[in-house]
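J.: Mind looking over this structure? Questions follow.
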Amino acid sequence: MATKQDTRTFTFAGTCADPSGTIKARFTTSVSRTERLTKQGFTDINLVELPERMTKLAAIAYLLETKPDGVDLDVLGVKEVAITEQNARANGESTGRKRGRPTKEKTDAELEAEKAIAAEKIAKKLLRETQREEKAREVAERKATREADRLTKVAEREATQAAKTKTPKNETIVTTVVKAAKASKAKKTAATE
């Protein structure tokens with residue numbers, strides 16, 4: 001989310017303490033803001049009328065220069081830095097300060113450990129894939145073997161029935177069926193090797 005530069009102008013600026021006691025910089029365009037802050041439980045309200053309408057940054061610079069009584073200049077200094085950084089970000093400039101947690105530089109040993117862990121994960125993934133492929137191959141071989149056994153039994157049954165009838169035409173059929181069964185067994189043997 002890009003931040004926008006604050007271009008609003010104010011006629012009063014200063015500091016006050018919120019109900020929890022934290023002192024903050026305040027900017028307003030009306031003196032009636034003092035009454036609202038008082039009703040909301042704010043204390044030590046020190047708003048100074050500015051000589052002209054000013055942005056927050058210009059108002060802080062004015063207050064730091066004139067040093068009015070009761071205004072917490074340290075809080076204004078902190079607010080000035082914050083506004084300057086916000087404006088720099090809004091203009092696409094680097095403030096030199098990174099947001100979020102500071103990152104710790106990793107040692108060579110930590111980098112090597114991370115690489116080793118990543119390599120181990122890849123090796124495990126490849127092993128699982130290879131094991132899945134082998135299992136699929138074994139299942140396919142078992143199916144082929146069962147089908148060959150089934151066809152052999154069918155052929156033997158037909159050959160036995162044909163042998164019982166013993167007609168010359170059936171003998172040719174029996175011979176053909178037996179040859180087919182033997183060929184099926186040979187294929188099964190070759191597939192398992």
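J.: Going 7 Å from the Cα of Val78 along its beta-carbon direction, which residues of segment 9-35 have the amide nitrogen within less than 18 Å of the resulting point?
T.: Only 14-27 pass the distance filter.
J.: Could you go through segment 7-22 in sequence order and give the Karplus-derived ³J(HN,Hα) for each residue, using 6.51 cos²θ - 1.76 cosθ + 1.60 with θ = phi - 60°, rounded to whole Hz, and x for Gly and Pro?
T.: Running phi through 6.51 cos²θ - 1.76 cosθ + 1.60 with θ = phi - 60° gives 10, 5, 10, 9, 10, 10, 8, x, 9, 7, 9, 6, x, 8, x, 6 Hz.
J.: Sort 104-114, 29-39 for me by packing, meaning the mean count of neighbouring Cβ atoms within 10 Å per residue, highest on top.
T.: Top of the packing list down: 29-39, 104-114.
J.: May I pose another question? Cross-link list Lys24/Lys56; Lys143/Lys164; Lys56/Lys104: which exceed 24 angstrom alpha carbon to alpha carbon? Intermediate values should be presented prior to the final figure.
T.: Working: Lys24/Lys56 13 Å; Lys143/Lys164 32 Å; Lys56/Lys104 35 Å.
Flagged as over cut-off: Lys143/Lys164; Lys56/Lys104.
J.: So, one more: Obtain the nm distance between the two label points defined at Asp108 and Arg150 by a simple spin-label model: each point lies 7 Å from its Cα along the Cα-to-C-beta direction.
T.: Once both label points are built, they end up 6.4 nm from each other.
Every read-out reported here was derived from the displayed coordinates using simple, explicitly stated rules and does not represent laboratory data. Note that the structure is a prediction, hence the values are computed from the model and not measured. As a convention, Cβ positions derive from the backbone with ideal geometry for all residues, glycine included, and neighbour counts pool all protein chains shown.
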